[in-house]
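The values are calculated or read from the model by the stated rules, or taken from the named source; none is laboratory data. All figures in this text were calculated on a predicted structure; none of them were measured in a lab. Glycine also receives a Cβ, built like all others from the backbone with ideal geometry; neighbour counts cover every protein chain displayed. SASA here: full protein model, heavy atoms, side chains in, ligands and nucleic acids out. Shrake-Rupley method; radii C 1.70, N 1.55, O 1.52, S 1.80 Å.
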Amino acid sequence: MVGGSVLARRGAAQDGPETLQAVDTHAHVFRRDWPLADTRRYAPGYDATPEDYLAVLDAHGIAQAVLVQPSFYGDDNRGLLDALARAPQRLRGIAVVRPDGPPETLKAFAAQGIVGIRLNLIGVADPDFAAPSWQRLLRSVADLGWQVEVQAEARRWPSLLPPLLDSGVRVVADHFGKPDPALGIDDPGFRHLLSAGRTGRVWAKLSGSYRNGPGETGERIARAALPLLKDGLGLKRLVWGSDWPHTQFEGVASYDRVRAQLDGWLPDPAERRIVLQETPRALFGLPAGRVPT
């Protein structure tokens, strides 16, 4: 069990008003007794329940958060929706849906706190966005004002971004856009992501740096990528996510550590306030407010 006793320690440097208004835009909740998707790359051997995560937020003074549907549940969003119902003022969600699903489902999801869909494309072929089912889905997502959150290797951005942006949706790139560990910021796909910043409809999550290379490689890429992302996408198109509970990297990451990393990446408190508060509230439709008491 991943609970408050292990990961919910409050860091003394994180108790100021900046953190008390902060939004964590990337976390997952799951239970081993929730049904798994037939096709999956991984499933954790422990629980990270909604109660665990809310305790982590409380312990770190984080006001609100966005839960992302784990890939190992496929498009069965019942656990995610249950979590959102437990704290509707604090939580929003990113769901996984089938392109041929009924539009009524999206409207029902919106009423329950879903604000976008996720495409986790690691180990999966690019979707056929030209297919009628995808065209209908993306049109519905755009009409709702939702986003499409994408986890994919940076080399794939040149093929993924044009059809998504042409559809009118907003695109959020997970984990710094996932540049190749060997290429880092010189990855041509990462540079393509930066060039799409001129559309004003591309965001990036400053999250999961450890997913972009072993040891210090991911952190080194994150520090090098930050100024380029600020320049290419704009500071107001960046958000921070903890990636809690750091699946498959539990031994090298903790909430304290990943929150402290942001202070190193963005030492200016005014810039952190934009990334931690202003941008995520606007992007995810969260109300302003402090940590509930």
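Below are the figures for this structure:
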item	result
Fraction of accessible area attributable to carbon and sulfur, the chain (%, probe 1.4 Å)	53
Amide H contacts of Trp203 (H built 1.01 Å from N, under 5 Å, at least 5 apart or other chain)	Val171, Val172, Ala173
With 10 Å bins from 0: P(r) over the range 80-215, alpha-carbon pairs, percent	12, 41, 33, 13, 1
Computed lengthening from Ala111 to Glu271, 0.36 nm per intervening residue step minus Cα-Cα distance	54.4 nm
Accessible area (Å², 1.4 Å probe, nearest 10) - Glu104	120
Rg/Rg_ref, the chain, where Rg_ref = 2.2 N^0.38 Å and atoms are Cα	0.93
For the range 268-284, 3J(HN,Hα) per residue [Karplus equation, 6.51 cos²θ - 1.76 cosθ + 1.60, θ = phi - 60°, Hz, x = Gly/Pro]	7, x, 5, 5, 5, 4, 5, 6, 8, 10, 5, 5, x, 5, 6, 5, 9
Counting DSSP beta bridges with both ends in the chain, the antiparallel % (nearest 5)	5
Charged-residue dipole, Cβ positions (Lys, Arg, Asp, Glu), the chain about Cα centre, Debye nearest 20	480
Per-residue HN-Hα couplings for the range 120-126 [Karplus 6.51, -1.76, 1.60; θ = phi - 60°; Hz; x = Gly/Pro]	8, 9, 5, x, 10, 5, 4
Using θ = phi - 60° and Karplus 6.51 cos²θ - 1.76 cosθ + 1.60, couplings along the range 159-172 (whole Hz; Gly, Pro as x)	8, 7, 5, x, x, 5, 5, 4, 6, x, 7, 8, 10, 10
Extension reserve of the Glu104-Tyr46 stretch, reckoned as 0.36 nm per residue once the Cα distance is removed	17.5 nm
Relative contact order %, the chain, counting alpha carbon pairs below 8 Å whose residues are six or more apart	19
Solvent exposure, largest accessible area first (probe 1.4 Å, DNA, RNA and ligands not counted), of Arg259, Arg31	Arg31, Arg259
5 angstrom amide H check on Thr25, placed H, neighbours 5+ away	Val66, Trp240, Gly241, Ser242
Probe 1.4 Å - accessible area at Ser133, Å² to nearest ten	30
